[in-house]
Amino acid sequence: SEEIDFDHNIPLFPVFVGAGILGSGTGDVVATLPPDLQLNDILLLFVETANEVAATPSGWTIVADSPQGTGTAGSATSTRISVFWRRVAGAITAPTITDPGDHAVARIYSFRGCIATGDPWDVTAGDTGASDTAVSIPGDTTTVVNTLVVQAVANQTDSDLPQASAYANAALANITELDDFNRSIGNGGGFAVITGEKATAGAFGATTATLANASVQGRITI
């Protein structure tokens, strides 16, 4: 047995738990589930496309302020980030992202310690950017303490190499990169995902970063 001490045993912030296997391709794409899921874990499914519609998989819900896309659908100078979520409430299966057209790149991330009912986020924001190496993921204004901020930037670079680096936001603590990958399938593209902690309620500005290659961008904050 163990005595539960809320000052020591219970994390103040929601925490990242794990990720499934990356799914990518030019047809239907399966994003596998993260390991070791528990009841009430929150799953976030990120999908990058060439600004083509990623249909909401069965059992999932689109996140507020998603998607964020720019450029002519299916072209080599376009990208879109779509984010879907679901709460673990029993046995679930890996979702299939129906072929959006040119390509899809997808991965699921699991988080623990979120609120137990309703939407798991406090606030969201999103925008797009013209072709550039400079990244600016929009900030927002939290209304509760101890929030875990999840942010992502999608790009259209046709490469298998990571693209994003040098994240900075003075208002967020413990900025951590969860992923940064691209795939040279179809016209190519990918995304990076980071987390940061906001202990007090209030405004936080944009998170900046740098891409290895200039690209149009889809950006979201949860």
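Would you check which residues across the range 183-203 are open to solvent by 10 Å² or more (accessible area, probe 1.4 Å), touching a Ser or Thr at 6+ places or on another chain (Cβ under 6 Å) and either among the basic types (Lys, Arg) or part of a strand (DSSP E or B) (or both) and list them? Result: Arg183, Thr195, Lys198, Ala203. Please verify whether Ala206 is in contact (Cβ under 8 Å) with a residue 12 or more places away in the chain, farther than 21 Å from Phe111 by Cα, among the hydrophobic types (A, V, I, L, M, F, W, C) and surrounded by fewer than 19 Cβ atoms within 10 Å (Cβ to Cβ), treating the condition exactly as stated. Spelling it out, it is not the case that Ala206 is in contact (Cβ under 8 Å) with a residue 12 or more places away in the chain, farther than 21 Å from Phe111 by Cα, among the hydrophobic types (A, V, I, L, M, F, W, C) and surrounded by fewer than 19 Cβ atoms within 10 Å (Cβ to Cβ). Among residues of the range 96-121 being more than 18 Å from Trp60 (Cβ to Cβ) and crowded, with 20+ Cβ neighbours inside 10 Å, the one that is nearest to the chain's Cα centre (by Cα) is His103.
Within the range 208-222, restricting attention to residues that are closer than 15 Å to Gln163 by Cβ and not hydrophobic (A, V, I, L, M, F, W, C), the residue that is farthest from the chain's Cα centre (by Cα) is Asn213. Kindly indicate whether Asn155 is more than 17 Å from Ile21 (Cα to Cα) and open to solvent by less than 10 Å² (accessible area, probe 1.4 Å). Yes: the conditions hold for Asn155. Residues of the range 129-182 that are under 16 Å from the mean Cα position of the chain (by Cα) and among the aliphatic types (A, V, I, L, M): Val135, Ile137, Leu148, Val149, Val150, Ala152, Val153, Ala154, Ala164, Ile175, Leu178.
Would you confirm whether or not the range 161-175 contains a residue that is in contact with a Leu (Cβ under 6 Å, 6 or more places away or on another chain), surrounded by 13 or more Cβ atoms within 10 Å (Cβ to Cβ) and not hydrophobic (A, V, I, L, M, F, W, C)? Within the range 161-175, one or more residues are in contact with a Leu (Cβ under 6 Å, 6 or more places away or on another chain), surrounded by 13 or more Cβ atoms within 10 Å (Cβ to Cβ) and not hydrophobic (A, V, I, L, M, F, W, C). Quick check on Leu12: is it part of a strand (DSSP E or B) and out of contact with any Ser or Thr (no Cβ under 7 Å at 6 or more places or on another chain)? Against the criterion (part of a strand (DSSP E or B) and out of contact with any Ser or Thr (no Cβ under 7 Å at 6 or more places or on another chain)), Leu12 does not qualify.
The values are calculated or read from the model by the stated rules, or taken from the named source; none is laboratory data. For clarity, every value in this text was computed on a predicted model and none was experimentally measured. Here the Cβ is made from the backbone with ideal geometry for all residues, glycine too, and neighbour counts use every protein chain on show. Side chains are part of the model used for accessible areas, which takes the heavy atoms of the whole protein and leaves out ligands, DNA and RNA. Shrake-Rupley method; radii C 1.70, N 1.55, O 1.52, S 1.80 Å.
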